[in-house]
1. Can you name every residue in the stretch A:112-129 that is part of a strand (DSSP E or B) and closer than 30 Å to A:Leu38 by Cα?
2. Of the conditions (1) more than 8 Å from chain A (Cβ to nearest Cβ); (2) part of a loop (DSSP other than H, G, I, E, B); (3) touching a Cys at 6+ places or on another chain (Cβ under 8 Å), B:Gly44 clears all except one; give me its number.
3. Scan the stretch A:634-649 for residues that are in contact with a Ser or Thr (Cβ under 6 Å, 6 or more places away or on another chain) and within 16 Å of A:Ala679 (Cβ to Cβ) and jot them down.
4. May I ask you to list pairs of residues, at least six apart or on different chains, whose Cβ atoms are under 9 Å apart, with the first in the stretch A:282-308 being basic (Lys, Arg) and the second being crowded, with 24+ Cβ neighbours inside 10 Å?
5. Provide a single number: the residues in the stretch A:629-640 that are open to solvent by 20 Å² or more (accessible area, probe 1.4 Å) and either within 16 Å of ligand 4 (Cβ to nearest atom) or farther than 21 Å from A:Val652 by Cβ (or both).
6. Is at least one residue of the stretch A:195-215 under 30 Å from A:Leu38 (Cα atoms) and either in a loop (DSSP other than H, G, I, E, B) or of a type in the set (S, T, N, Q) (or both)?
7. Right, A:Arg616: in a helix (DSSP H, G or I), charged (D, E, K, R) and open to solvent by 20 Å² or more (accessible area, probe 1.4 Å) or not?
8. If a residue has to be open to solvent by 50 Å² or more (accessible area, probe 1.4 Å) and either touching a strand residue (DSSP E or B) at 6+ places or on another chain (Cβ under 6 Å) or within 14 Å of chain B (Cβ to nearest Cβ) (or both) to count, how many in the stretch A:45-64 make the cut?
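The values are calculated or read from the model by the stated rules, or taken from the named source; none is laboratory data. All values derive from a computational prediction rather than experimental measurement. Using ideal geometry, Cβ is built from the backbone for each residue, glycine included, and neighbour counts are taken over all protein chains shown. Accessible surface areas use protein heavy atoms only, side chains included; no ligands, DNA or RNA. Shrake-Rupley method; radii C 1.70, N 1.55, O 1.52, S 1.80 Å.
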Amino acid sequence: MPDTLPTLLLVGHGMVGQRFLEALVERGVTRDHRVVVLCEEPRPAYDRVHLTSYFEGKGADELSLTPADFMHHNGIELHLGSPAEHIDRETRTVTARDGRTFAYDTLVLATGSYPFVPPVPGKDAEGCFVYRTIEDLEAIEAYAKSARSGAVVGGGLLGLEAAGALKNLGLDTRIVEFAPRLMPAQVDDGGGAALLRTIERMGLTVHTGAGTEAIVTGEAGRVSGMRLTDGSELPTDLVVFSAGVRPRDQLARECGLDVGERGGIKVDEECRTSDPAVFAIGECAQTVDGKVYGLVAPGYAMAEAAADAVAGFPGSFTGADMSTKLKLLGVDVASFGDAHGVSEGCLDVVYADSRSGTYKKLVIDPDGKLLGGVLVGDADAYGMLRPLTGSVPPVSPEQLVLPAGAGGPVKLGPDALPDDAVVCSCHNVTKGQICACGTLPEVKQCTKAGTGCGSCVKTILQLLPQSGDKGLCGCFGVTRAELYEIVKVKRITSYARLLDEHGRPEARGGEGCEICKPTVGSIIASLAPTIGADGYVLAGEQAALQDTNDHFLANMQRNGSYSIVPRIPGGEITPEKLIVIGEVARDYGLYTKITGGQRIDLFGARVDQLPGIWARLVDAGFESGHAYGKALRTVKSCVGQTWCRYGVQDSVRMAIDLELRYRGLRAPHKLKSAVSGCARECAEAQSKDFGVIATASGWNLYVGGNGGMTPRHADLLAQDLSDTELIRLIDRFLMFYIRTADRLERTASWLERLEGGLDHLRDVIVEDSLGLCDELESLMAAHVTGYRDEWAETLQDPERLSRFVSFVNAPGAPDPTVQFVAERDQMKPDLGALKPGTQVLIPEGALTVR
Amino acid sequence: MNLQLKLDEGWFTVCPAGAVQPGRGVAALLPDGRHAALFLDRSGRAYAIDNRDPFTGASVLSRGLLGSAEGRAFVASPLLKQRFDLESGRCLDDDGVTVRAYEVRVGQGH
Ligand code: SRM
Ligand SMILES: Cc1cc2nc3c(=O)[nH]c(=O)nc-3n(C[C@H](O)[C@H](O)[C@H](O)COP(=O)(O)OP(=O)(O)OC[C@H]3O[C@@H](n4cnc5c(N)ncnc54)[C@H](O)[C@@H]3O)c2cc1C
Ligand code: SF4
Ligand code: FES
């Protein structure tokens, strides 16, 4: 490449910096520029907005915003851990901390902000932290291990989020806010009061109207408390300062660029600073409207404007909306537009209910135009109201704030939005642009809507066509339930035949797709004994339909290794079997963990090790636990009557009976169950697809429960059943579900969708209103008799076993990219081994992973 | 009949065509240490791309499900389900990403 290419130098690789690089790529700028990035942090850009989810187990890799190949693929030079220290505008060079100098033609500053720490005595003591980077969170997490209480200075958006995180780390947490209410920038007094009640109900202590005077330190200089301006003293082991941020404009000041009075590098509509060769974007910039924005959406808009300017396209940034929605678990708070009602002549419509901690205020102008609002306690309407801002809503404002059922047309559909309403404010995408796409993935790909904070996804889904086309996928125009009927009636056991005879015309003769193949594989497996198919999921052509997990009868993990979960019916296991699991795990060096489903998971097996491991497990009497399949998982149990002083039935025996009856049953989604020995419900049966609770005279059957993403409490279907009645009802329930549910629809959402709901279900499977019950029962009977253990069957077939190799042309060679490192006396995947160009050792010598 | 890949040095024989089930893939170790993923579609046509899933770094594309869209075959990564066109290696769900595609044939040679 000639070195005559102009150089674009970006200082700061945070959220906005990365968005800017993407915008450059989209505009083709990376093709005719050398692009160099100086990044202060030790890792490329990550999602700071979701920083707190780091505590919820999201690792640094999951938070990353930078696709693995992005820099390399677009020829961008990224220097990690290499902050810029000096800008020389005369010679157009930037010097980095390591002394290297970079010449530029265009310089872009995206240095973000730093957390403001009030200048109080003791602020640097051991135990004081800020909340901005992954390193900050790592330090807080480590320190919290030896702390019992924590205090957050600042009750704004970030302060509350930090407080929620401290609470989740197990600390007794207080929030100290100087202003008279929480989130002073976003909500008004009424909203603040509702928020306070909700936060206090979550177990956090709040001090408003109090400033921090000093941090008190105890022995060895560690934080022991803080003194407030009202004279009181709070004991605390840890302090997080979250008292606002300040733009990082030091570099710009030093080289003489214009800087705003209260900080922020001054820029024009194109985001150019007072030097036309230098741009500033994101939180470090002060925009033409005189503001420094502390939110990511305006930063992204600036990145687009600056990229337009660099590419020579028209584009500008003149100001942005400051809507926010708090991500703190359990509190719904949102504010948008003119939340404080500062516009001239504006009026408020307020609904407040302090019993439920709900407060909703809309700000409207005299003509009825919606200007903004505050929602606390119930922010469901946010997704709809934000885009309506600036227009006259189609229903009266009181209907928009009153709770459901309290009057008038309650739900305002997204249909009511004008086409130019901005639905995704992170990426500034309008309803019109979203409606031009067909599916959520398409929307995300074409417009990026929904890929920022995610708060608009619900509205996007409502906007997309619940199209007349109910087809399963691009290959089949019929639903899963219809396919099930076709397969059953025509006894079709071949996917190719099904596709060629019943697929959409354009899909016939093709390969099918990753959606319908496993679906059909599952239908054939559910119906196998009835339609004359082989019940074994890897038989013949069926093998090609299974997802990789079903294909290798194990669950694939992030580095391509697999996990193994033997069935442990009812969670009951003998010491001998426990020892075998221990021995197998030890001999193969597997990571072991007790699962949430009362069994044991062994992680980290290479595909070529699976048969050896299972040979030993099967030998000791274990069977597949189907942790990999859309099939029955576990039936959890409590100890029940046998041991427990409260138990009224033998819950363990019933759990084992149920697990053995339904094991191997393929379904539209996984199935979970539990049996409790009395109403104390230690087995959590009411959160299961089917749950059983003992009564003095029999069993109560609950259905449609779910934990997971959208928890649902199960509904009581029938009471005081005998053993036989119970099993008969569950047989019918499961087979009716398998027959009528959609792909990947748990019983909970199926029941929600079922027309007529629980009453209809009761009619069909208890009263037999459709005359289906005999058939449902005989389908289940066929399953129960036809059951064979998949792993035992696989081990007997040398041809099938030959598929369990890392490489078809080197059957003995292990996959060198599957590597592990030690953690807490066990092991975890070594993600470093997955990076391109890494040298890894395999017995045969060194190979380079490419 | 063997499945062969075109490498810089010439055709490289991987395995008998019968070792691959139509509609699925296998992984092969290449002489320079790379991993390739080979597939057969239902008509017996062969494809080969790099086995490394660029989104996760794991060497797993051979274990994905095959499909076709608008007459072109693709594989969906078993980890995060991104689809890759089997002829060009282009990712159908992310324009910026492509994996290497190999020329492949079902030939007599060894
Ligand atoms: C191992 C385990 C976590 C643990 O260490 O305890 C686990 C691990 C996984 N869960 Fe789970 N879940 C485990 C108990 C649960 C539970 C608790 C329970 O079953 O009592 C729940 C909530 C209950 C429920 O399902 O209603 C649970 C809700 C989920 C969900 C969300 C389901 C939903 O309806 O929203 C998923 C995602 C999915 O299935 O689509 C999931 C998916 C997964 C997958 C399969 C993700 C994947 O595709 O790789 C994980 C596979 C691990 C592996 O390879 O073995 N897991 N998962 C637990 C295995 C229990 C077992 O013995 O089989
Ligand atoms: C916990 C938390 C929650 C948040 N939640 C939300 C939310 O819900 N909604 C919302 O809109 N916003 C939220 N934000 C704010 C959002 O993260 C920021 O608006 C956004 O990150 C700004 O992007 P930026 O690129 O301007 O700055 P940053 O992402 O901070 O990036 C600036 C980068 O520049 C680097 N840098 C600085 N100086 C130099 C130098 N001299 N040389 C090289 N590199 C340098 C820094 O190390 C940093 O990596 C949240 C922030 C935090 C911390
Ligand atoms: S559910 Fe009842 S019987 Fe079972 S362990 Fe709990 S208290 Fe005992
Ligand atoms: S509003 Fe944040 S992703 Fe759309």
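1. Kept after step one, since they are part of a strand (DSSP E or B), are these residues of the stretch A:112-129: A:113-115, A:126, A:128-129.
Of everything in the stretch A:112-129, those that are part of a strand (DSSP E or B) and closer than 30 Å to A:Leu38 by Cα turn out to be A:Ser113, A:Tyr114, A:Pro115, A:Cys128, A:Phe129.
2. Against the list (1) more than 8 Å from chain A (Cβ to nearest Cβ); (2) part of a loop (DSSP other than H, G, I, E, B); (3) touching a Cys at 6+ places or on another chain (Cβ under 8 Å), B:Gly44 comes up short only on (3).
3. Going through the stretch A:634-649, the residues in contact with a Ser or Thr (Cβ under 6 Å, 6 or more places away or on another chain) turn out to be A:635, A:637-638, A:640.
Correct list: A:Ser637, A:Cys638, A:Gly640.
4. The qualifying pairs are A:Lys291/A:Gly264; A:Lys291/A:Pro298.
5. Matching residues across the stretch A:629-640 total 1.
6. Residues of the stretch A:195-215 that are under 30 Å from A:Leu38 (Cα atoms), as a first pass: none.
No.
7. Numbers: in a helix (DSSP H, G or I): yes; charged (D, E, K, R): yes; open to solvent by 20 Å² or more (accessible area, probe 1.4 Å): yes.
Against the criterion (in a helix (DSSP H, G or I), charged (D, E, K, R) and open to solvent by 20 Å² or more (accessible area, probe 1.4 Å)), A:Arg616 qualifies.
8. Final tally of qualifying residues: 2.
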